[in-house]
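> Sharing a structure here in structure tokens format.
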Amino acid sequence: SGIIHQEMPKGDAAGRMHGFQLWANLPSALKMTAPRYQEVKAVEIPEITDDDGTQVRVVCGKFWGKTGPVEGIAADPVYLDVSVPPGRRKTLPVGVTRHAFAYVFAGTGKFCNASEPLEVPTEPVGWLETAPPPSEADNRSLVLFDRGDELMVQAGDEGIRFLLASGKPLEEPVAWYGPIVMNSQAQLREAFRELEQGTFLKPHTKAAPFGSASG
């Protein structure tokens, strides 16, 4: 309720930094709750190494007997950092009641199961105007999954590293414009009216913006 998000990242000497933002929508009943903040350091994120060399860092939720340090998110997400060694094929569980996606940020690989995946590169790669999409997901590709209880990934020659996120669908209408996500156009208009009038920021006794990050 009534916070404005602002970041001042420093990066390296050239201003570059490696990171991700994942924004989780709130259900209508919780949209006006007081903001809060969580800070998590890299050493607090449990890391699991399977027998085949697959590594999983559990940022949020429960996976392979470990629980991530980020908690209290309404969609009850599972948020993982997964690395599969070159040439390995790995099956990973996904809750059947969840929506899931994978975002590849190193190496290449092929995804299957969890019904039909759809690969969506986040930068133009020359095939956006044609079909079908490529069979292999490479760096900066987003893979959306249909419902299923597991997914399978076949790592390429350089291995593959990706974020795997899943959460419970809210099944509510979404009205979105700029930085504000509400449930109706009327609510959006009211929020922007408050911004213009300077009444958007509400006083809170527990004042701290909510956010999470991992490094």
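The values are calculated or read from the model by the stated rules, or taken from the named source; none is laboratory data. Predicted model, so just to flag it, every value in this text is computed and none were measured. Ideal geometry is used to build each Cβ from the backbone, glycine not excepted, and the neighbour counts take in all protein chains shown.
> So, Thr97, is that one part of a strand (DSSP E or B), exposed (fewer than 13 other Cβ atoms within 10 Å of the Cβ) and either of a type in the set (Val, Ile, Thr) or touching a residue at least 12 places away in the same chain (Cβ under 8 Å) (or both) or not?
Details: part of a strand (DSSP E or B): no; exposed (fewer than 13 other Cβ atoms within 10 Å of the Cβ): yes; either of a type in the set (Val, Ile, Thr) or touching a residue at least 12 places away in the same chain (Cβ under 8 Å) (or both): yes.
Answer is no for this residue.
> So, one more: Here is a list of conditions, (1) part of a loop (DSSP other than H, G, I, E, B); (2) at pLDDT 90 or above; (3) of a type outside the set (Val, Ile, Thr), and Phe162 meets all of them except one; can you say which number that is?
(1)
> With the requirement that a residue be in contact with a Gly (Cβ under 7 Å, 6 or more places away or on another chain), exposed (fewer than 12 other Cβ atoms within 10 Å of the Cβ) and closer than 22 Å to Gly68 by Cα, what does region 6-53 give you?
Ala42
> Looking only at region 51-71, count how many residues are free of Cβ contacts under 8 Å to residues at least 24 places away in the same chain and of a type in the set (Asp, Glu).
1
> Please state which one of Glu116, Glu123, Glu129, Glu136 is surrounded by 13 or more Cβ atoms within 10 Å (Cβ to Cβ), on the phi < 0 side of the Ramachandran plot and at pLDDT below 80.
Glu136
> Also, quick follow-up: Can you name the number of the only condition in (1) of a type in the set (Val, Ile, Thr); (2) surrounded by fewer than 14 Cβ atoms within 10 Å (Cβ to Cβ); (3) within 30 Å of Pro173 (Cβ to Cβ) that Ile3 fails?
(2)
> Yes or no: Gly53 over 21 Å from the mean Cα position of the chain (by Cα) and at pLDDT below 85?
no
> Against the conditions (1) assigned to a strand (DSSP E or B); (2) of a type outside the set (Val, Ile, Thr); (3) at pLDDT 90 or above, where does Phe111 fall short? Just the number, please.
(3)
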